Amino acid sequence: MATTAGQGWTQLRQQARALETQTETYLHTYSQFSTQSNIPPKPTEEERSTEAKLQELLEKRDNVIAQLTRLLDSEATLSSSSLKQNNLSLLRDKLTDHRRDLSRLRSTLQQARDRANLLGSVRDDISAYRAANPAAAEADYMLDERGRLDRSHDVADGVLSQAYAVQDSFLTQRETLASINRRITHAASQVPGINTLIGRISAKKRRDGFIMGGFIAFCFLVFWFMM
């Protein structure tokens, strides 16, 4: 009898876990209805079917937990009953969490649908008003166009401001480099013989340039006569 009860407990517990997994899958599907870009004004057939399936799964789990409770009450072994009582408590907590999730998702979906319906109603009222008042519709259109132009001008002004800021930064850097160059030149002029050394270096560079130019001209002439 104890073995039969143990097998019944194992089977019911496995069934409860399988129903938990199915519930989580359907909860995920149900949560996506409230995140659609265009929520229909009324629940679709798929939405109603998903919600009904969730209710059915929750009821089945409630029945399985009731059966597990009766089996646990009929057992006399305290050691095994303690472990099973813990498992049963976890199953009950998970069922409570899923019921709470379903209620929260149902409320979120209803709020999203109400908001979408309100926006749709406002758009319809605006369209009807414009259809009945062509002059007002044209004025609204011109105001919208002016708003778009103003936003375009703001963007252009922002780009120009950034360009002017970059230009000012370049001018500041150039002035800083020029100031540094003047200070270096002034400091070099204060050192005895530095100007003479700089002049010799410049003269050597010019002389080397003349020598290189003459050598290239000589090579060109030799190549010309060899042809």
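The values are calculated or read from the model by the stated rules, or taken from the named source; none is laboratory data. Computed from a predicted structure; not experimentally measured. Here the Cβ is made from the backbone with ideal geometry for all residues, glycine too, and neighbour counts use every protein chain on show. Side chains are part of the model used for accessible areas, which takes the heavy atoms of the whole protein and leaves out ligands, DNA and RNA. Shrake-Rupley method; radii C 1.70, N 1.55, O 1.52, S 1.80 Å.
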Tally, over segment 69-82, of residues that are modelled with pLDDT of 80 or more and open to solvent by 90 Å² or more (accessible area, probe 1.4 Å): 2
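Considering every residue within segment 123-131, establish whether at least one is of a type in the set (Asp, Glu) and at pLDDT 80 or above.
Taking segment 123-131 first, the residues of a type in the set (Asp, Glu) are 124-125.
Narrowing further to those that are at pLDDT 80 or above: none.
Looking for residues that are of a type in the set (Asp, Glu) and at pLDDT 80 or above, one finds none in segment 123-131, hence no.
Assess whether GLN85 counts as being open to solvent by 90 Å² or more (accessible area, probe 1.4 Å), modelled with pLDDT of 60 or more and more than 20 Å from ALA52 (Cβ to Cβ). Spell out how you get there, then give the answer.
Details: open to solvent by 90 Å² or more (accessible area, probe 1.4 Å): no; modelled with pLDDT of 60 or more: yes; more than 20 Å from ALA52 (Cβ to Cβ): yes.
No, not satisfied.
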Does any residue in segment 47-65 that is farther than 19 Å from LEU12 by Cα come within less than 7 Å, Cβ to Cβ, of a residue that is open to solvent by 10 Å² or more (accessible area, probe 1.4 Å) and among the β-branched types (Val, Ile, Thr) six or more places away or on a different chain, and which pairs are these? THR50/THR29
Within segment 95-122, residues surrounded by fewer than 12 Cβ atoms within 10 Å (Cβ to Cβ), over 30 Å from ALA66 (Cα atoms) and either acidic (Asp, Glu) or at pLDDT 85 or above (or both) come out as GLN111
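Quick one: in segment 36-59, which of the residues that are of a type in the set (Ser, Thr, Tyr) and at pLDDT 85 or above is farthest from the chain's Cα centre (by Cα)? Can you show your working first?
At the first step, the residues of segment 36-59 found to be of a type in the set (Ser, Thr, Tyr) are 37, 44, 49-50.
Adding the requirement that they be at pLDDT 85 or above leaves 44, 49-50.
On the way: THR44: 29, SER49: 32, THR50: 29 Å.
Looking at the filtered set, the residue picked out is SER49.
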